[in-house]
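Notes to accompany the following structure.
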Amino acid sequence: MSSATPAGADRHSTPSTGKFFAGVGRAFAGALLFALPMLMTMEMWWLGFTLEPWRIVVMLLAMLPLLMGLSRFGGFRRTDRFRDDLADVLVAIMVAAVASTVVLFLFAVATIDMPPREIVGKIAIQMFPASIGAMLARSQMGETSESDREESEPSYLGELFLMGVGALYLSLNIAPTEEIVLIALKMSVWHEVSLLGLSLVLMHGLVYSVGFKGGTIRGDRSFIEVFARFTCVGYVVVALVSLGVLWIFAQTGESSLQEVLSTVIVMSFPGAIGAAAARLVL
C-alpha cells in the first residue's frame, strides 16, 4: 500500500513533465523558425558590435512586456496567472539565448577569440526575434484546440497588439538592411501615397475580404466601422512599430523628418502584410 502513492504520483507527474519538455522543444523550433533569417543576415551581425549598448538594452527591456503579452495570447502553453506568464517569458528568453548562441558559434559568426562585448552584443540582438518565435511556438506548432482558441479570443486592444507583433515579425527581417533606406530615397511623394494606399487595401483585404479563415466580420459591424477601427488603427500600430524598429537599429540617424516618414511608409508595407497575417494565424 505504501508504494501505491508514489506510483500514482508518478503517473500524474509524467504527462505534465512530458508536456513541459514538449513545450520547450517547440520553443526551440519556434526560435529557429522565427530568427533563422536574421541569424544568417550580415547586417544583424554588424549591429551586434556597432550598435550602441544602450540601444540593445532598450530593445531587451521592450522585449519583456512584449513577451508577457504573447504569453497571454499565444504562448506555448495556456496560462491564466501572472506567474505562469512570467515563467513562460523566462523559458522563452533562456531558449532564445541558447539557440542564438549555438547557431552563431556554428556559423563561426561568433568565436571564442572575439571580445566579450562583441559576442554578447551579437547574441543579444538575435535574442529579440528568437524569443518571440519561442513564445509563439504553442499557437504555431502546438496542439491548440478550437475551444482553446475561442476561450483565448483577444479583446480589441489584444487584436491591435497581435497586429503589432505580426508587423514586427516582417520588419525585423528588413529593418537592418540598407535597401530599405535606398528604396525610400528613390520614391517620389506619389509613390509613397500609392504605397500607403496599397498597404491599407492589402491589410484589409487579406483579413476581411478574401474569405481566409479567421477573417470574417463579426456581428453587425459595417465595412466603415471595421475599416476604421481595425485597418486604419492597425496601420497606425504598424507604422509605430516600423518607426520603433528603425530607431532601435539606428536607421533614422540624422535623416530629415520627410526621409524618416518615407522610410516608415516603405517599412510599413511588409509590416501591414505581417499584421494581417497575425490576425489570421495567432
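The values are calculated or read from the model by the stated rules, or taken from the named source; none is laboratory data. These numbers come from a predicted model, not from an experiment. With ideal geometry, Cβ positions are generated from the backbone for all residues, glycine too; neighbour counts draw on all protein chains shown. These area figures cover heavy atoms from the full protein model, side chains too; ligands, DNA and RNA do not enter into them. Shrake-Rupley method; radii C 1.70, N 1.55, O 1.52, S 1.80 Å.
Descriptive notes on the structure:
- Per-residue surface analysis assigns Thr101 an accessible area of about 50 Å², computed on protein heavy atoms at 1.4 Å probe radius.
- Label-to-label distance for Glu179 and Phe107 is 1.6 nm, based on points extended 7 Å past Cα in the beta-carbon direction.
- Altogether, the Stokes-Einstein calculation at 37 °C and 0.692 mPa s, with the Kirkwood radius of the stretch 155-282 over Cα pairs as Rh, returns a diffusion coefficient of 223 µm²/s.
- For Ile56, net neighbour charge (Lys/Arg +1, Asp/Glu -1) across residues whose Cβ lies under 13 Å away: +1
- The simple Förster model, with R0 at 30 Å and r as the Cβ-Cβ distance, assigns Met94 and Met42 a FRET efficiency of 0.65.
- Applying both filters, DSSP loop and at most 14 other Cβ atoms within 10 Å, to the chymotrypsin sites (Phe, Trp or Tyr not before Pro) of the stretch 38-139 gives Phe107.
- At the residue level, Val241 shows approximately 30 square angstrom of accessible surface with a 1.4 angstrom probe and all protein chains present.
- Exposure of Lys122 as accessible area (Å², to 10), given a probe of 1.4 Å and all protein chains: 10 Å²
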